[in-house]
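The block underneath contains the structure these notes are about, expressed in C-alpha cells.
Throughout, read-outs are computed from the coordinates displayed, never taken from laboratory work. Please read all numbers here as calculations on a predicted model, not as lab measurements. Cβ sites come from the backbone with ideal geometry, for glycine too, and all protein chains shown count toward neighbours.
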Amino acid sequence: MPATHLVRRIRHSPEDLFELVSDVENYPKFINLISALRVTKQLSETEFEAEAIVAYKMLRETFRSHIIADPVARKISVQKAEKGGAVKSLLNTWTFHPLEDGSTMVDVIVDVRLKARPLEFLLRDKFGKAAVHIMNLFEVRAGQNYPLVGDEAYDTKAEMTVFGLSADKLV
C-alpha cells in the first residue's frame, strides 16, 4: 500500500493554508494531475463528499472521497467515500500547526490502496515524489494567494517536538 508522511514549514498562516486545502474544487487550477473535481454532497458546513478525476498519461481514474474540514482543530481528514471509485482504501490527513512566528508546520499523511493492482504497483514507485510535488504545488498556490508571514530563518525544532513531529519527515 503506498503511504507517506510529510512535514513542511510553510510561511503562510494556518488559517490561510486550511482555507486553501479545504477548497477542493479549485485543485484542478493548480494540480496538473487533477483534471476535474467537484463537491457531490454537502453533508454539513464542515463535511462533504467530492469526486475527482485524476489523469496521468494514458491513465484516467475517478476517485470519490469523504472530507471533514475542522477549522477549530485546523485539520482536514479525507477517507474513501462509500462508492470510492478506483480507491479501495484511503486515509489522508492535513494538520496545520501554528508556529510562534505566525507561519505553519504542515503535517500530511497519505495512505492509499487502489482497486487496480497494476495501477497501485505503478503508483508505489512514484508515490513519495508525487506527494512532495503536490506539497510544492500547494505552497506555490499559497504564495500566489496569501501574504508571507514569519522569518525565513525561523528555527522550528523546539515547536516540532511540542507537536510530536519528527525532523526526518521534513521535506
I'd like the full set of residues that are aromatic (Phe, Trp, Tyr) and either part of a strand (DSSP E or B) or surrounded by 17 or more Cβ atoms within 10 Å (Cβ to Cβ) (or both), limited to segment 22-42. TYR27
Unique match (being surrounded by fewer than 18 Cβ atoms within 10 Å (Cβ to Cβ), within 16 Å of the chain's Cα centre (by Cα), touching a residue at least 24 places away in the same chain (Cβ under 8 Å) and not in a strand (DSSP E or B)) among GLY128, GLY102: GLY128
Odd one out for GLU45 among (1) charged (D, E, K, R); (2) surrounded by fewer than 16 Cβ atoms within 10 Å (Cβ to Cβ); (3) within 20 Å of ARG141 (Cα to Cα): (3)
What are the pairs with Cβ atoms under 9 angstrom where one residue, in segment 49-68, is touching a residue at least 60 places away in the same chain (Cβ under 8 Å) and the other, located anywhere, is surrounded by fewer than 17 Cβ atoms within 10 Å (Cβ to Cβ) and among the hydrophobic types (A, V, I, L, M, F, W, C)? Sequence gap at least six, or different chains. LEU59/LEU119; LEU59/LEU122
